[in-house]
Amino acid sequence: MPVAPPAAASPPNRDRPAFAPTRAEGGAVAVLAAAMLVAAGFAARPGDDPTPHAAAACRLDVNDAAPAEWALLRGVGPVLAERIVRDRVDRGPYRAPPDLLAVKGVGPKTFARLEPHLRFPTSTAPRPPAGPALAAR
């Protein structure tokens, strides 16, 4: 009678798929996923404005700002920035905050968020001409 060769050792957990975490690994993954979601929730709450309203040190001059400067403000994209500048060119300089509310896309909520970062002219006197006329004085 022939002697059968010894059976080759089968790899452990051969009946388990290659990518199937054990119970302990699955629990660890679940805890890490929950921790990441909690951290992400604290990092980006939609109602918070990261810039302090009371201490707005650098305010945007509404009559001199270019579209790129407007687009730097939270809630103002390139399209709204172009709309604001186009309105200023068409209707003249902004003299008071309600003038900005006439722009399509700037409602009371948007304006309330932007107002602490904007600087309106202090007087309603006509602005002096810019450019060579100033150099001649």
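Taken together, the values in this text are just the output of simple stated rules run on the coordinates, not laboratory data. Remember, it's a predicted structure, so these values are computed and weren't measured experimentally. A quick note on method: Cβ atoms are made from the backbone with ideal geometry, for glycine too, and the neighbour counts reach across all protein chains shown.
Our summary gives the range 60-119 a relative contact order of 37 percent, counting only alpha carbon pairs under 8 angstrom and 6 or more residues apart. Simple spin-label estimate for ALA68 and PHE120 gives 2.8 nm between the two label positions (7 Å along the Cα-to-Cβ direction from each Cα).
Measuring r between the beta carbons of ARG59 and ALA35 and using R0 = 30 Å, the FRET efficiency lands at 0.15. Given R₀ = 22 Å, FRET efficiency for GLU82-ALA112 by Cβ-Cβ distance, to 0.05? Calculated value: 0.50.
Length gained on full extension, ALA20 to VAL89, computed as 0.36 nm times the residue gap minus the Cα-Cα distance: 18.5 nm. Near LEU60, the amide H atoms lying under 5 Å from its own belong to LEU118, ARG119; only residues 5 or more places off or on other chains count, and H is placed 1.01 Å from N.
May I ask for the net charge around ALA66, where only other residues with Cβ less than 13 Å from the Cβ of ALA66 are counted and Lys, Arg are +1 while Asp, Glu are -1? All intermediate terms of the calculation are to be shown ahead of the outcome.
Working: positive: ARG86, ARG88; negative: ASP61, ASP64, GLU69, GLU82.
Once all neighbours under 13 Å are counted, the net charge is -2.
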